[in-house]
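Written below as structure tokens is the structure these notes are about.
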Amino acid sequence: MDVHDPEGVRLQKVLASAGLGSRRACEELIAAGRVSVGGQVVTELGVRVDPLTAVIHVDGMRVQLDSSIITLALNKPVGVVSTMHDPEGRPSLAQYVANREERLFHVGRLDADSEGLLLLTNDGELANRLAHPSHGVPKTYLVEVEGRVREALGQQLKRGIELEDGTVQVDEFKIVQVASHASLVEVVLHEGRNRVVRRVFEEVGHPVARLVRTRIGPIRLGDLRPGRTRVLSKTEVGSLMTAVGM
């Protein structure tokens, strides 16, 4: 397959305008065999591509070429519903992106009582793929539960817990802290069902007191404060696109 488009833009120029360094640095990436176009490694510097349609990877990571696409991380506070507009007048996500003109979709829900990482994007395909169970993007939660959690619970959760809408399996489980009346645990699931983390812990006799989502796939909440947003870096967006096979 020939990836060269005589009407296109030089590959090194496309990479440089996508923020991957100077044109010279991008030429070095190409010469080193680190760039692929449409799944084919390109090492010649004369190749031209259409920046609107080309699928370009550098070191296996997808490069977002469309500068109008934006993806944000939000630390959703407790009491805010995961919709852009709430007919009941409760606080919604709209207030955190009121200064942005893009039409943003939120990716993944967190119930009003839960807090932590939500993604907002105007990339419809990325939003759909992240939401679709077939891609199984893992999500990490820090969960404060009632009662003293024992190690054996981890094995039980990994084997699967039967809920009314089917079995739920936890991918990873770690006890962070234990006191006599409460425990702090970290769990990783690739499930997106409604209130699934709360329902699982309720089922095993450890009701949730506080729930914070700290990670979605490769994207971490980090030290983002509640109610604040940040624009994901090009590397983060690339890793997210790669995680869902884009």
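The values are calculated or read from the model by the stated rules, or taken from the named source; none is laboratory data. Computed from a prediction, not measured in an experiment: that's the story for all the values here. Cβ coordinates were reconstructed from backbone atoms using ideal geometry, including for glycine residues, and neighbour counts include every protein chain displayed. What goes into the accessible areas is simple: the full protein's heavy atoms, side chains included, and nothing from ligands, DNA or RNA. Shrake-Rupley method; radii C 1.70, N 1.55, O 1.52, S 1.80 Å.
Some values worked out for this structure:
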item: Scattering profile of the stretch 1-77 at q = 0.14, 0.20, 0.24 Å⁻¹ [log10 I(q)/I(0), Debye over alpha-carbon scatterers]; result: -0.43, -0.80, -1.13
item: GluC sites (Glu not before Pro) lying in DSSP loop within the stretch 8-80, provided at most 13 other Cβ fall within 10 Å; result: E44
item: Cα-Cα over 25 Å, subset of K76/K139; K139/K174; K158/K234; result: K158/K234
item: ³J(HN,Hα), Karplus 6.51/-1.76/1.60, whole Hz, each residue of the stretch 8-25, x for Gly, Pro; result: x, 10, 4, 4, 5, 5, 4, 5, 5, 6, 8, x, 9, x, 5, 4, 4, 5
item: Carbon/sulfur fraction of accessible area - the chain, other protein chains in place, 1.4 Å, %; result: 48
item: Extension gain (nm, one decimal) between S239 and V9, 0.36 nm per residue minus Cα-Cα; result: 80.3 nm
item: Rounded to 10°, Cα long-axis angle of helix 234-243 versus longest principal axis of the chain; result: 70
item: Percentage of interatomic Cα-Cα distances in the stretch 70-229 larger than 26 Å; result: 28
item: Within the chain, helix-based [θ] at 222 nm, where runs of 4 or more DSSP H residues each add -39,500 (n - 2.57), nearest 500; result: -5500 deg cm²/dmol
item: Net charge over other residues, Cβ less than 13 angstrom from the Cβ of G116 (K, R count +1; D, E count -1); result: +3
item: Normalised contact order of the stretch 21-159, rounded percent, pairs of Cα under 8 Å and 6 or more residues apart; result: 17
item: Loop-resident sites, the stretch 91-145, for GluC sites (Glu not before Pro), counting at most 11 other Cβ within 10 Å (DSSP); result: E101
item: Under the Karplus curve 6.51 cos²θ - 1.76 cosθ + 1.60, θ = phi - 60°, whole-Hz ³J(HN,Hα) for the stretch 65-71, x wherever Gly or Pro sits; result: 8, 8, 6, 7, 7, 9, 10
item: Placed amide H near R62: partners under 5 Å, 5+ positions off or other chain; result: T242
